[in-house]
Amino acid sequence: MKHTAKDADGAAGTAGQEPSAPLGVAVVGAGYWGPNLVRNFQSSPEFRLHWLCDLNVDRARQVLGGYSTVQATADYAAVLADPAVEAVAVATPAGTHLDVALAALRAGKHVLVEKPLAATYEDGLALVTEAEERGLTLMCDHTYCYTPAVARIREMVRAGELGDIQFVDSVRINLGLVQKDVDVLWDLAPHDLSVLDFILPDHVRPVAVAAHGADPIGAGQSCVAYLTLQLNTGAIAHVHVNWLSPTKVRTTMVGGSKRTLVWDDLNPTQRVAVFDRGVDLTAPQEIGVDERRDMLVSYRTGDMVAPALGEKEALRSMVEEFAAAIRTGRPALTDGRAGLQVLDILEAASRSLEFRGAVVGLRTGR
Ligand SMILES: NC(=O)c1ccc[n+]([C@@H]2O[C@H](COP(=O)([O-])OP(=O)(O)OC[C@H]3O[C@@H](n4cnc5c(N)ncnc54)[C@H](O)[C@@H]3O)[C@@H](O)[C@H]2O)c1
């Protein structure tokens, strides 16, 4: 089942109401990504950051600086015991997400988890179930879904401006940090897969995946991977992720029966371009085979439009969405179920890799 949160509004602090008191929050994990959450929680009027917790307390202290009133700690139990903490944001490695997030939910806290939601589908499902049973917000930070570009793409795709979706092609390649605990698929593809889930209309969904990968440098896991998704409509989506590319490319093409859109995240002056160009098939006619081949296909070469997009940091919108979901009780735009959908595809893709590209069906027949 597709999660139903996507069309809810539910902005916190609507006109005529008293502004709500800030929500007490703690961040767990002060490594590479945690400081970005710290900065955004601290600058949001929706939250008051009380704790930054890391096994390495010196790292947490360093992130906060000498004059912060936020407490640095390595004692997670103390964080969870603090009644001022209503929400916990988890920015620890994926393998720890289950333990850290489950403990927070069991302590009655709302939880934001960095992508991927968990290390396995089963772990992710345990988190979703726990949150649903307790009536707590569980959100996954699928950061790209909160960029102005992706918000606009979602609007256009779901409003039918591109027509029926025919193909999606996503490339995310650069000289990346070769990770110890995850392969390139689990490191980079969550971004593309979460965007795919976010933008597709409710009736369009991936049903099966085939993945190919290679480890040409002997890193012990795939550093280059190609993932092909079959959609229930007969359309196809492809994701190319690569840690070994000398150039950085971040491009997603969404092809529709009416228009085709190109999102180039590295082009700030024209991040999204919509092409009124494509291929049409005209109705078959009673003509000879050779003529018919020529006649059936026609090409449209219309205008290209680059929509104006606002500039807003994705994490700022993400943090606002977390607050809105907590305050209204509605599922977040990228809720636990959206995180689960990504895990379903990643696990199926890993199985496909083991079987050299065999097509593997997805569990979530939404
Ligand atoms: N949204 C994005 O675009 C984005 C980008 C990068 C990373 N991430 C995600 O953020 C998460 C963290 O990645 P990272 O690159 O910052 O990792 P990292 O290894 O740099 O940092 C992780 C930190 O967590 C701490 N830690 C580990 N286990 C802990 C525990 N049980 N309790 C408290 N602290 C603990 C470690 O000491 C370390 O400081 C991952 O899930 C990753 O996928 C998301």
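The values are calculated or read from the model by the stated rules, or taken from the named source; none is laboratory data. Just so it is clear, the model here is predicted, and its values are computed rather than measured. Every residue, glycine among them, receives a Cβ derived from its backbone with ideal geometry; neighbour counts consider all protein chains shown. Just so you know, the surface numbers come from the protein's heavy atoms only, side chains and all, with ligands and any DNA or RNA stripped out. Shrake-Rupley method; radii C 1.70, N 1.55, O 1.52, S 1.80 Å.
Quick notes
- The convex hull built on the alpha-carbon positions of the range 126-189 has an orientation-averaged projected area of 7.3 nm².
- Taking Cα atoms only, the orientation of helix 336-354 departs from the longest principal axis of the chain by about 60 degrees.
- For residue 203, the solvent-accessible surface computed with a 1.4 Å probe is close to 120 Å², ligands and nucleic acids excluded.
- Shown here for the range 55-142: chymotrypsin sites (Phe, Trp or Tyr not before Pro) in loop regions (DSSP other than H, G, I, E, B) with at most 11 other Cβ atoms within 10 Å, namely 67.
- Shown here: the chain, whose C-alpha atoms stretch 80, 58, 39 Å along the first, second and third principal axes, sorted largest to smallest.
- Counting every pair of alpha carbons in the range 131-253, the share spaced more than 20 Å apart comes to 50 percent.
- Computed about its Cα centre, the charge dipole of the range 114-191 is approximately 340 debye, with only Lys, Arg, Asp and Glu carrying charge at their Cβ.
- Cα long-axis angle, helix 34-43 against the chain (0 to 90 degrees, to the nearest 10): 80
- Cα shape, the range 313-366, gyration tensor, a/c 1.5 rule: prolate
- Working note: Debye formula, equal point scatterers on the alpha-carbon atoms of the range 62-129, no solvent; log10 I(q)/I(0) at q = 0.24, 0.26, 0.27 Å⁻¹ is -1.07, -1.18, -1.23.
- Taking every protein chain into account, the accessible area of the range 87-156 amounts to 33 square angstrom per residue (probe 1.4 Å).
- For the peptides 350-360, 227-237, 41-51, residues were scored by their other Cβ atoms within 10 Å and the scores averaged per peptide; the highest-first order is 41-51, 227-237, 350-360.
- Helix 314-328 axis, angle to the chain major axis (alpha carbon atoms, nearest 10°): 70
- Each of 323, 237, 193 was placed along the dipole of the chain (beta-carbon charges, centred on the mean Cα), and the one lying farthest toward the positive end is 323.
- About its Cα centre, the range 210-366 has a charge dipole of approximately 400 debye under the convention of +1 per Lys or Arg Cβ and -1 per Asp or Glu Cβ, with nothing else charged.
- Put simply, the C-alpha atoms of the range 92-158 give a gyration tensor, and the ellipsoid matching it has half-axes of 25, 13, 10 Å, longest first.
- When every Cα-Cα distance of the range 200-354 is counted in 5 angstrom steps from zero, the calculated P(r) takes the values 2, 7, 10, 12, 15, 17, 16, 10, 6, 4, 2, 1, 0, 0 percent.
- Charge tally around residue 141: other residues with Cβ under 9 Å, Lys/Arg +1 each, Asp/Glu -1 each, net 0.
- Percent RCO, i.e. relative contact order, over the range 71-121, from Cα pairs under 8 Å lying at least 6 residues apart: 39
- Charging the Cβ of each Asp and Glu at -1 and of each Lys and Arg at +1, and nothing else, the dipole of the chain about its Cα centre rounds to 240 debye.
- Cβ-defined net charge surrounding residue 180, 15 Å radius [Lys, Arg +1; Asp, Glu -1]: -4
- Environment charge at residue 54 (Cβ cut-off 13 Å; Lys +1, Arg +1, Asp -1, Glu -1): 0
- Short-range pairs are left out: with C-alpha atoms under 8 Å and at least six residues apart, the relative contact order of the chain is 20 percent.
- Cα-based Rg of the range 20-175 normalised by 2.2 N^0.38 Å, two decimals: 1.17
- In angstrom, the C-alpha Rg and Dmax of the range 188-288 are 17.1, 59.
- Here the extension length gained between residue 363 and residue 219 equals 48.8 nm, from 0.36 nm per residue of separation less the Cα-Cα distance.
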